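Asker: For reference, the structure I am asking about is given below.
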Amino acid sequence: MSSTATTHEEIDLDAIRDLYRVERDKRVRSDGLGQYADAEEGDFAYYAEDPYTPREERESLTETVDVLVVGGGFGGLLTGARLRQAGVQSLRILDRAGDFGGTWYWNRYPGAQCDIESYLYLPLLEQMGFMPSEKYVRQPEIHEYTQKLARHFRLYEAALFQTVVTDATWLESENRWRIETDRGDVIDARFVVMANGLLSRPRLPGIPGITDFKGHTFHSSRWDYGYTGGTTLGGLDKLGDKKVGIIGTGATAVQIVPHLAQGAEHLYVFQRTPSVISFRGNRPTDPSWAESLKPGWQEERLDNFMSIASGGAPEEDLVDDGWTTAFKALPSLISDSKISPEEAEKRDYFEMERMRERIASVVSDSETAAKLKPYYRFFCKRPCFHDEYLPTFNRDNVSLIDTDGRGVERITETGVVVGGVEYELDCLVFATGFESAEVSPRQAGFDPIGRGGLALSQKWNTEVRTLFGLQTNGFPNLFFLGITQGTLCPNFSNMLNEQSKQVAFVIEQCISGEHVVVEPTLEGEADWVATMEAANAEDSEFWDTCTPSRYNDDGDSTRKLPNRYQTQYGGGPKEFYEILAAWRAEGTGKGLTFR
Ligand code: NDP
């Protein structure tokens, strides 16, 4: 399938587009996002239960606080930290989990590790006096770091774990929110921050027969070490006599597969679309390098990474990894850069050829190597970075079961069927990801009711309008973190850190100015939407021709939400953060009304 073109002039773009279209067409389904089942509901609720912390019963709580934060992941932690720094004492942080950590509480699967460099990913390293042990640290260290942050900023005393918000209603006459939970709590709060995360609802494929399987099964974000043995660091020593299947080959599965292969008698990897697998190059932190760092180093490093991610070309690439290599090769896909779409496509082709060649050079069986090769543009799906995934397919006890874009056919009581062949299994792991394309009320699991009884989902059904993606008119004193009408940077914790600064600043202004209500004006919202749209690169053709993924509503181009809900500011993350910082420095509260 690969072309022999070696120079930009020799590339036949039409032939490449045809090739990618054929691969995409195999994968597109008429049911789009409807193909998935919610792991938190009905027959599947078992898949979402917390295997890590036993449930503790407690009395219901009735209280009034200044600020209530929903979510104890990096978003909630950083908001809590910034609020503490701003002097807020009356704080409550709710989370359905049994501890802080968010993603890093739930995702403890073997091999769980962040593929964003840890010196960037772990926020506030200098303030915390902490140096990660490796360039890419593993889940236990990240989770411990979230706990460290929580202790440092006295957030444990604000925490209510194993608690799910069911309702949030704006009480007009009292100028506050009333929050109700599944524990019967009634908490009144002046301000509410929704930091509930983007990928928090486990997703299962609606494969026929999925509930029939009689073997052991679980979702990757609820790993059952009691069954597999071992820990997040590997050593799955109870699987030696087990045939194990894993459905999915995304960023999660890529990290799990090498460990399952080491532990299981036999591993079947069920693939629908191969991932891009770039290099990782993990290494321990060099103590002399760490000692040589000057104050302000983390900000400088973040700035350098963001600049490259935004299409800039700083003199030095401080991070120098798979991400920055891709950003430098493909700048036009990250922000609205100046190279032509055709030139971008050609660069993309060469980068993808490099990825495909890497597979051919590592995987010895040529048929398996061919099936592992991705045929789409680099950023159509979330790229992966791993050095042990591809070599795993050279093991005798590992079989790649490629479904040629169609997905698993059927699940039976005893196994998984692909192409009419049943693969008998003792254990089936779903590494099938999380719901992501829905608006934030769905992600949060509750739908805030604002002024005049208007639900947030109702407002956003017709048009999504926000100020900086953080607040919306009609919902006073409510803030939401995330990518909606903000920015998209692979280093999510940095985005949350910048958002938390903004949220804490506005809340502090409101409290110190003795105002009771802060809310975006209609004009403020309109200005932000216009600014965002003016800066936005027209990328719908790119997404419409991409293989299905969570970035394009699983290939369903008819399902665009009004005002392109997922739209981000097109100037890239660096410019977006500068807009927020300049707004705070100006200090006029432009676009907001304080009452
Ligand atoms: P994904 O949604 O990325 O992957 C789900 C996988 O399940 C895909 O391979 C998908 O195939 C497959 N699948 C779904 N339905 C079927 C079916 N019917 N038959 C066969 N296969 C099916 O989820 P992940 O958990 O892997 O990753 C989610 C996100 O979490 C990532 O995008 C990333 O943002 C984050 N993450 C970050 C990490 C980090 O290091 N920073 C590590 C891990 C995850 P198809 O591709 O065809 O849809």
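The values are calculated or read from the model by the stated rules, or taken from the named source; none is laboratory data. Since the structure is predicted, the reported quantities are computational estimates derived from the model, not experimental observations. Neighbour counts are summed over all protein chains in view; Cβ atoms, including those assigned to glycine, are modelled from backbone coordinates with ideal geometry.
Asker: So which of Asn175, Asn196 ends up being under 20 Å from Leu91 (Cβ atoms), within 16 Å of the ligand (Cβ to nearest atom) and not acidic (Asp, Glu)?
Answerer: On the way: Asn175 fails: within 16 Å of the ligand (Cβ to nearest atom).
Residue meeting the stated conditions: Asn196.
Asker: Condition first: of a type in the set (A, V, I, L, M, F, W, C) and in contact (Cβ under 8 Å) with a residue 60 or more places away in the chain. Now tell me which residues in region 272-331 satisfy that.
Answerer: Narrowing region 272-331 to residues of a type in the set (A, V, I, L, M, F, W, C): 276-277, 279, 289-290, 293, 297, 302, 305-306, 308-309, 313, 318-319, 323, 326-327, 329-330.
Within region 272-331, Val276, Ile277, Phe279, Ala290, Trp297, Leu302, Phe305, Met306, Ala309, Val319, Trp323 qualify.
Asker: Here is a follow-up. Which one of these does Gly101 not meet: (1) more than 21 Å from the chain's Cα centre (by Cα); (2) within 22 Å of Val503 (Cα to Cα); (3) not in a helix (DSSP H, G or I)?
Answerer: It fails just one condition, (1).
Asker: Something else now. Can you confirm whether Ser440 is in contact (Cβ under 8 Å) with a residue 60 or more places away in the chain and not assigned by TED's automatic domain parsing to the domain that holds Asp38?
Answerer: Working: in contact (Cβ under 8 Å) with a residue 60 or more places away in the chain: yes; not assigned by TED's automatic domain parsing to the domain that holds Asp38: yes.
Here the answer is yes, as Ser440 does meet what is asked.
Asker: Ok, one more. Consider only pairs whose beta carbons are under 7 Å apart and that are at least six residues apart or on different chains; among these, list those whose first residue lies in region 349-361 and is farther than 20 Å from Pro391 by Cβ and whose second residue is hydrophobic (A, V, I, L, M, F, W, C) and assigned to a helix (DSSP H, G or I).
Answerer: Within 7 Å, the pairs are Tyr349/Ile16; Glu351/Ala326; Glu351/Ala329; Glu351/Phe378; Met352/Phe378.
Asker: For region 269-291, which residues satisfy the criterion of being in contact with a Leu (Cβ under 7 Å, 6 or more places away or on another chain) and either over 23 Å from Tyr119 (Cα atoms) or surrounded by fewer than 18 Cβ atoms within 10 Å (Cβ to Cβ) (or both)?
Answerer: Step one: of region 269-291, the residues in contact with a Leu (Cβ under 7 Å, 6 or more places away or on another chain) are 269, 271, 274, 277.
Residues satisfying the conditions are Val269, Gln271, Pro274.
Asker: I want to confirm something. Restricting to region 557-577 and keeping residues that are in a loop (DSSP other than H, G, I, E, B) and of a type in the set (Lys, Arg), which single residue is modelled with the lowest pLDDT? Even if it seems obvious, please write down each step before you answer.
Answerer: Here is the first cut: in region 557-577, the ones in a loop (DSSP other than H, G, I, E, B) are 560-571.
Filter once more, keeping what is of a type in the set (Lys, Arg): 560, 564.
Working: Lys560: 55, Arg564: 49.
Filtering region 557-577 for residues that are in a loop (DSSP other than H, G, I, E, B) and of a type in the set (Lys, Arg), the one modelled with the lowest pLDDT comes out as Arg564.
Asker: Tell me yes or no: at least one residue of region 208-224 is under 24 Å from Asp38 (Cα atoms), in a loop (DSSP other than H, G, I, E, B) and within 11 Å of the ligand (Cβ to nearest atom). Can you show your working first?
Answerer: Within region 208-224, the subset under 24 Å from Asp38 (Cα atoms) is 208-224.
Filter once more, keeping what is in a loop (DSSP other than H, G, I, E, B): 208-215, 223-224.
Then keep just the ones that are within 11 Å of the ligand (Cβ to nearest atom); that gives 208, 210.
Looking for residues that are under 24 Å from Asp38 (Cα atoms), in a loop (DSSP other than H, G, I, E, B) and within 11 Å of the ligand (Cβ to nearest atom), one finds at least one in region 208-224, hence yes.
Asker: What about Asp387, is it within 14 Å of the ligand (Cβ to nearest atom), assigned to a loop (DSSP other than H, G, I, E, B), in the same structural domain as Gly215 (by TED's automatic domain parsing) and within 29 Å of Lys135 (Cβ to Cβ)? Break it down stepwise before answering.
Answerer: Numbers: within 14 Å of the ligand (Cβ to nearest atom): yes; assigned to a loop (DSSP other than H, G, I, E, B): yes; in the same structural domain as Gly215 (by TED's automatic domain parsing): yes; within 29 Å of Lys135 (Cβ to Cβ): yes.
Yes, satisfied.
Asker: Which members of region 255-298 meet the condition of being part of a loop (DSSP other than H, G, I, E, B) and among the hydroxyl-bearing types (Ser, Thr, Tyr)? Give the derivation first.
Answerer: Initial filter on region 255-298 (part of a loop (DSSP other than H, G, I, E, B)): 264-265, 272-276, 279-283, 285-286, 293-296.
Within region 255-298, Thr273, Ser275, Thr285 qualify.
Asker: Another question about this same structure. Between residues in region 481-505 that are in contact (Cβ under 8 Å) with a residue 40 or more places away in the chain and residues that are of a type in the set (Ser, Thr, Tyr) and not in a helix (DSSP H, G or I), which pairs lie under 7 Å by C-beta distance while being six or more apart or on different chains?
Answerer: Pairs that qualify, where the first residue is in contact (Cβ under 8 Å) with a residue 40 or more places away in the chain and the partner is of a type in the set (Ser, Thr, Tyr) and not in a helix (DSSP H, G or I), are Thr484/Thr466; Thr484/Tyr565; Gln485/Thr466; Gln485/Thr567; Gly486/Tyr569; Thr487/Tyr569; Met495/Thr487.
Asker: Let me ask you something else. Are any residues in region 234-254 within 7 Å of the ligand (Cβ to nearest atom) and either over 27 Å from Arg382 (Cα atoms) or in a loop (DSSP other than H, G, I, E, B) (or both), and if so, which ones? Even if it seems obvious, please write down each step before you answer.
Answerer: Pass one, region 234-254, residues within 7 Å of the ligand (Cβ to nearest atom): 247-253.
Listed by number, the residues that qualify are Gly248, Thr249, Gly250.
Asker: Could you tell me which of the residues Leu330, Leu302 is modelled with pLDDT under 95, more than 27 Å from Leu400 (Cα to Cα) and buried (at least 20 other Cβ atoms within 10 Å of the Cβ)? Please lay out each step first, then the result.
Answerer: Numbers: Leu302 fails: modelled with pLDDT under 95.
None of the other options fit; the residue is Leu330.
Asker: Against the condition closer than 17 Å to Val67 by Cβ, buried (at least 17 other Cβ atoms within 10 Å of the Cβ) and hydrophobic (A, V, I, L, M, F, W, C), how does Ile511 come out, does it pass?
Answerer: Values: closer than 17 Å to Val67 by Cβ: yes; buried (at least 17 other Cβ atoms within 10 Å of the Cβ): yes; hydrophobic (A, V, I, L, M, F, W, C): yes.
Criteria met by Ile511.
Asker: Tell me, please, whether a residue that is at pLDDT 80 or above and in a loop (DSSP other than H, G, I, E, B) can be found in region 523-541.
Answerer: no
Asker: From the residues in region 339-367 that are buried (at least 18 other Cβ atoms within 10 Å of the Cβ) and β-branched (Val, Ile, Thr), which one is nearest to Phe327 (Cα to Cα)?
Answerer: Ile359
Listed here are the residues, each with its yes/no results for (1) at pLDDT 95 or above; (2) buried (at least 17 other Cβ atoms within 10 Å of the Cβ).
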| position | (1), (2) |
| --- | --- |
| Asp25 | no, no |
| Tyr52 | yes, no |
| Glu63 | yes, no |
| Leu94 | yes, yes |
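Asker: Can you spot a residue in region 138-151 that is on the phi < 0 side of the Ramachandran plot and in a loop (DSSP other than H, G, I, E, B)? Explain how you work it out, then say what you get.
Answerer: To start, the set of residues in region 138-151 that are on the phi < 0 side of the Ramachandran plot comprises 138-151.
Add one more test, that the residue is in a loop (DSSP other than H, G, I, E, B), and what stays is none.
No: zero hits.
Asker: Could you look through region 455-506, keep only residues that are among the aromatic types (Phe, Trp, Tyr) and closer than 30 Å to Gln113 by Cβ, and pick out the one that is surrounded by the most Cβ atoms within 10 Å (Cβ to Cβ)? Show your work before the answer.
Answerer: Step one: of region 455-506, the residues among the aromatic types (Phe, Trp, Tyr) are 460, 468, 475, 479-480, 492, 505.
Filter again for closer than 30 Å to Gln113 by Cβ, leaving 480, 492.
On the way: Phe480: 27, Phe492: 22.
Per the stated criteria, the residue is Phe480.
Asker: So for region 371-379 (the condition being away from the ligand (no atom under 16 Å from the Cβ), touching a strand residue (DSSP E or B) at 6+ places or on another chain (Cβ under 6 Å) and either outside the structural domain of Arg550 (by TED's automatic domain parsing) or touching a residue at least 60 places away in the same chain (Cβ under 8 Å) (or both)), does at least one residue qualify?
Answerer: Start the filter on region 371-379 by keeping residues that are away from the ligand (no atom under 16 Å from the Cβ), which leaves none.
The answer is no, given that none of the residues of region 371-379 is away from the ligand (no atom under 16 Å from the Cβ), touching a strand residue (DSSP E or B) at 6+ places or on another chain (Cβ under 6 Å) and either outside the structural domain of Arg550 (by TED's automatic domain parsing) or touching a residue at least 60 places away in the same chain (Cβ under 8 Å) (or both).
Asker: Also: Report the residue count in region 176-207 for those that are part of a loop (DSSP other than H, G, I, E, B) and surrounded by 15 or more Cβ atoms within 10 Å (Cβ to Cβ).
Answerer: Of region 176-207, the ones part of a loop (DSSP other than H, G, I, E, B) are 182-185, 195-201, 206-207.
From what is left, the residues that are surrounded by 15 or more Cβ atoms within 10 Å (Cβ to Cβ) are 183, 185, 195-201, 207.
Of the residues in region 176-207, 10 are part of a loop (DSSP other than H, G, I, E, B) and surrounded by 15 or more Cβ atoms within 10 Å (Cβ to Cβ).
Asker: Another one. Pull out all pairs, ordered by first then second residue, where Cβ-Cβ is under 7 Å, the residues are six or more apart or on different chains, the first lies in region 28-41 and is within 14 Å of Gly407 (Cβ to Cβ) and within 12 Å of the ligand (Cβ to nearest atom), and the second is assigned to a loop (DSSP other than H, G, I, E, B) and basic (Lys, Arg).
Answerer: Hits for this filter: Gln35/Arg29.
Asker: Could you look through region 36-50, keep only residues that are at pLDDT 85 or above and either buried (at least 17 other Cβ atoms within 10 Å of the Cβ) or hydrophobic (A, V, I, L, M, F, W, C) (or both), and pick out the one that is farthest from Gly445 (Cα to Cα)?
Answerer: Of region 36-50, the ones at pLDDT 85 or above are 47-50.
Retained after the next criterion (residues that are either buried (at least 17 other Cβ atoms within 10 Å of the Cβ) or hydrophobic (A, V, I, L, M, F, W, C) (or both)): 47-48.
On the way: Tyr47: 17, Ala48: 14 Å.
Once the filter is applied, the top-ranked residue is Tyr47.
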